Structures are given as C-alpha cells and as structure tokens.
Amino acid sequence: MNRFVTAERALRNAAPHRLVEALRDALRSQYAAESVELLMADYGLTVLQPVSAQFPATESVAMHGTTAGRAFGAQDPVVEETGDLTRAHLPVTVRGDRLGVLTVTLPSATTAEVLPELVDIAGVLGHEMLVAERDTDVYLQARRRDRLTLAAEMQWQLLPGRSCARPEYALGAQLEPAYAIFGDNFDWSAGPDRLMLYITNGMGEGIEASLLTNLGINALRNARRAGIPIEDQAALADQAVYAHYRGACYLSVLLLDFELSTGRVKVVDAGSPQMMRMRGRTVEAVGFDAQLPLGMFEETDYVAQEIDVQPGDRLVFVSDGVYSVAAPEGETYGEKALAKAIAATRLLPAAEVPRAVLRELSDHRGGPTAEDDALVVCLDWFGRQPGS
C-alpha cells in the first residue's frame, strides 16, 4: 500500500500541467513501469488523444477496434501480453464521467498483483485532472482532434460532463457536430434526494445561439441554487431571457426534477426537446403539456406536471436536430426511426447510447455533415434500493 500512497501523493503534489509526468516517475520507481501514457476521449467520442506538448496531438487511437478503445467502452481494465511485458489499459473515470484511458506497460510477473492498485490510481488521476483544469489547458487541448469554433467552446465549457452515475441512475449525453455546436445544451445537478435535468435547444446560429443558451442555463442554475421549484425556475429564467431579448430570441427547454426515493418526476415542457421511454422492449414517445419557450413573452407562468419512472426504464431525450433531420430523399427521421434506434441500444450502458443513436442519425442523413445541432441524452433509471 505504501507504493500506492507514493503515487497518490505524487499526483496531489504535481503542478497542474505535469500530472502525467509526475505519475510516470512514480509508477516507474514504485511499480517498475516501462511506460505510462494518458489518452483523452475527444469531443466527438471517435478517438483517444494522447496528452502531449504538441497540439493537436500527432497520433490518436481509434475508439473502435483497439484495446484502449475497448477499455474505454467497457469501463474495465484490458491487458495485452507482449512477452515479458504487459500493457494495461485502465479507464480514467470520475463518478461515471468517462475521461480517457491510462496505459501502463510493466513486467508481466507483477501485473496480477498490482492491477487493482493501478485501477485505483487511474481514478485518482481523473480527480486530479478535473481539479487541474481550473489552472491549465493541457487536458482540454488533448481532447481536441480539431479546433473548436468559438460557439462550441462556449457550449462545452457550460456542460456538467458527458456522463454521470449513481446507484439510482446513470446518465450519458452527446452533442453533434461536436466541434461546431452552437445552440443545444444539457445540464444536470445531483443532490442527496433529487436529480434535476435540463434539455435545452436555443434558437439561432453561431455565437448568438451560444450566448442565448449561456444566459438561459445560468438563469436556470441561479434559480435552482436558490432552492425553488422547477416551475419557478422556468419563470425566473423566462424573465431573464425576455429582459435581454424582448421576445426576439427564446429558448426551448425540457425541465425534469426526479425524486430519487420514489421515482416521481415533475416536468415542465417549455419548447421543442422530446422524450422517449423504453420500458421492457416497448419504446414510445412521452408527451407533456406544451408551454411557451423561455423568453418568448413577458412574465409567462409555468405549470409542472408529474409522471412516474420505474426501475429498468430508459429515458432518451432529443433535440429537434435529431427527430427533424431529413434523409437525401426528404424523409424526416421521425419518431418511428428514433424508437427503432433506441431499441437497438438495449444492451448498451447509458453513456454509450447517445453516440449509438447519433451514428444511426448520420446513416439516415446520408453523411456526417449536419445542418443543425443534434443532442441526445440518455437516463437509465435504477431506483433507490430499500435501506439505501
């Protein structure tokens, strides 16, 4: 255990931009590691990018068809035997948010003994990276396969993460086009008894759409952190958006407040995002009473309605950039195709579902180029176990 403590201290004491170097030195001295490399998941979730002084990184590892990609997708260690050495690929994940893969090459004779400790070290590295990102761009740069547009930069900085997991639920989300997103967004907040989730679709394009979404999300967060109900959160955010844009721009939002102990959900539907539910093998759209988008008119009142979720339910939320996409022949993606795509994800974890749905959408569209933002958020509901 002393060697684990040494590695942990090395990470905690390292300069923000030198986490990988500090860990490499510690693993070499304490675990006889031959090499140590950190690979970060890119914004598009297509490749793993090495943390490097060079930007963009010259070499990347594909998510599909590689051992490192398999470790990232399965969220389990994957080892490769190469003679007297073993390469261990270890998921770097923080509370369900999948950041990348730590690859360590070390003597095969010691792998089985030290692998559990290395798994824990990868977790410590993830925590330290999130703290270090306040003071350095090294890890944010490593996630980029290409340059982000300014609007996309603003949107990604606004997000809570791309996945999250607790005993009661698991969340996964993805935005496309990842490097040029401008209006769609999501936000969540986990508390001891509740989960609040926002699915957002801001009108407009480019910087203007991103500015609108930033105003709306921060207004909702400000109201949420004041401890008020979601219908009042919507009303206060509506006032903030209207005060600035006077109805010229508005924000479509689906707000949900989950009670973890019961599965009761309060919902305010203020716009275009839609929710699909998979219960058992049945996939269906769940409709709500439509209310006005935030900021359309002055002092709009919002009313919450209630639904129940059951253990085993999968909820998938999409923006209009998903269900309204047209094929080359003109046929829109629509509810039927979306339900089929969701049903095909039945065996995937929540964090993998958005990427799988967006791949299906790309096939329908006939190419990777999107004319509108596309947002997919997946929530798997497990419910609170008795006595927990």
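Just a few scattered comments:
- Over the chain, the pair-distance histogram of Cα-Cα distances with 20 Å bins from zero comes to 27, 55, 18, 1 percent, rounded to whole numbers.
- Ligands, DNA and RNA aside, THR149 has an accessible area near 60 Å² when probed at 1.4 Å.
- Euclidean distance between Cα centres, segment 17-80 to segment 193-263, Å: 36 Å
- Spread of Cα-to-Cα distances over 5 Å intervals beginning at zero, given as percent, for segment 178-286: 2, 11, 21, 23, 18, 13, 8, 4, 1, 0
- Inter-label distance, nm, simple model (7 Å from Cα along the C-beta direction), THR67/ASN2: 3.1 nm
- Amide H contacts of SER35: THR105, each under 5 Å away and 5 or more positions distant or on a separate chain (H built 1.01 Å from N in the peptide plane; Pro and chain starts excluded).
- Of the listed residues CYS378, CYS249, the order by accessible area with a 1.4 Å probe, largest first, is CYS249, CYS378.
- Here the Kirkwood formula puts the hydrodynamic radius of segment 229-371 at 16.6 Å, using every distinct Cα pair.
- With every protein chain in place, the chain: carbon and sulfur % of accessible area (1.4 Å): 49 percent
- Mean Cα-pair separation over length for segment 1-91, i.e. relative contact order, pairs under 8 Å, 6 or more apart, %: 14 percent
- Computed FRET value (nearest 0.05) for ARG225 with LEU292, which takes r as the C-beta separation and R₀ as 22 Å: 0.40
- Label-point separation in nm, ARG95 to THR82, each point 7 Å along Cα→Cβ: 3.6 nm
- The length gained by stretching the chain between ARG264 and ALA112 to full extension, at 0.36 nm per residue less their Cα-Cα distance, is 50.2 nm.
- Taking all protein chains as they are arranged and a probe of 1.4 Å, the heavy atoms of ASP363 leave approximately 120 Å² accessible to solvent.
- Where only alpha carbons of segment 4-130 are counted, the Rg and the Dmax (Å): 13.5, 37
- Cα convex hull volume per residue for segment 89-214 (Å³): 133 Å³
- Computed on the chain, with alpha-carbon pairs under 8 angstrom and 6+ residues apart, the relative contact order is 14 percent.
- Net charge, PRO77 excluded, C-beta distance under 12 Å - Lys, Arg +1, Asp, Glu -1: -2
- Proximity of backbone amide H atoms, modeled 1.01 Å from N, is registered between PHE382 and TYR169, ALA170, GLY312 at under 5 Å, excluding neighbours fewer than 5 places apart on the same chain.
- With a Förster radius of 41 Å applied to the C-beta separation of ARG246 and ARG28, the computed FRET efficiency comes to 0.10.
- Binning the alpha carbon pair distances of segment 54-117 at 5 angstrom intervals from zero yields the distribution 4, 17, 24, 23, 18, 11, 3, 0, expressed in whole percent.
- The calculated 222 nm mean residue ellipticity attributable to helices in the chain amounts to -11000 deg cm²/dmol, summing -39500 (n - 2.57) over DSSP H runs of n ≥ 4 and dividing by all residues.
- Using the Cβ-Cβ distance between ARG145 and ASN13 with R0 = 35 Å, the FRET efficiency computed as 1/(1 + (r/R0)^6) comes to roughly 0.65.
- To the nearest 10, the accessible area of SER324 is 60 Å² with a 1.4 Å probe.
- Only Cα pairs under 8 Å and 6+ residues apart enter the sum, and on that basis the relative contact order of segment 15-143 stands at 28 percent.
The values are calculated or read from the model by the stated rules, or taken from the named source; none is laboratory data. Remember, predicted model here, so these are calculated numbers, not experimental data. Neighbour counts are summed over all protein chains in view; Cβ atoms, including those assigned to glycine, are modelled from backbone coordinates with ideal geometry. Heads up: the accessible areas ignore ligands, DNA and RNA and are worked out on the full protein's heavy atoms, side chains in. Shrake-Rupley method; radii C 1.70, N 1.55, O 1.52, S 1.80 Å.
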